[in-house]
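Coordinate-derived values only; no laboratory data. Just so it is clear, the structure is predicted and the values come from calculations on it, not from any experiment. With ideal geometry, Cβ positions are generated from the backbone for all residues, glycine too; neighbour counts draw on all protein chains shown.
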Amino acid sequence: MEITGKIKHIGEPQQVSSSFLKREVVVTTDEQYPQHILIEFTQDRTDLLNPFQVGQPVKISINLRGREWVSPQGETRYFNTIQGWRIENLVQQSMGGDPYQQQGYNQAPPQGYQQAPQQGYGQNNPQQGGGFNQNNNSFAPAPNFNEEEPDDLPF
């Protein structure tokens, strides 16, 4: 899952225990009713927040985590956390370039990234009536398009 918005707050790293480090960031979404979402980065991923500042537009990849806790009195409670694992600066992304060279990536691209397209996809094959043209990132016009034909769309 992903959350986009502007950074509202970046917390300092917190050493919760001898083996657990966390750092929190609050992102305000850009919606009709903006939400202030607290996202937790843990362990070595706390360093991903270092280059970012309050007010920057970002996209954060998250996982939802839930756990059960039973109190000494036998009461069961449930807790949820939103855990971040990647953060991207949206300003850099809009400037183009390889997204895996942008800030926030500390791992190799997923398998299949920048591989040659499969047969029939991403190839402008005139025998098949066009297709996606990789040179100008657009689709070729339909060879048999007739604007006079009525469509059955409800709008």
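Points worth noting:
- Cα gyration tensor shape for the range 1-74, rounded if a/c is under 1.5, else prolate or oblate: oblate
- Peptides 17-25, 66-74, 3-11 ranked from most to least packed, by the mean per-residue count of other Cβ atoms within 10 Å: 3-11, 17-25, 66-74.
- Linear extension gain, residue 91 paired with residue 47, 0.36 nm per residue minus alpha-carbon span: 13.9 nm
- Sites residue 28 and residue 78, calculated FRET efficiency, Cβ-Cβ separation with R0 30 Å, nearest 0.05: 0.70
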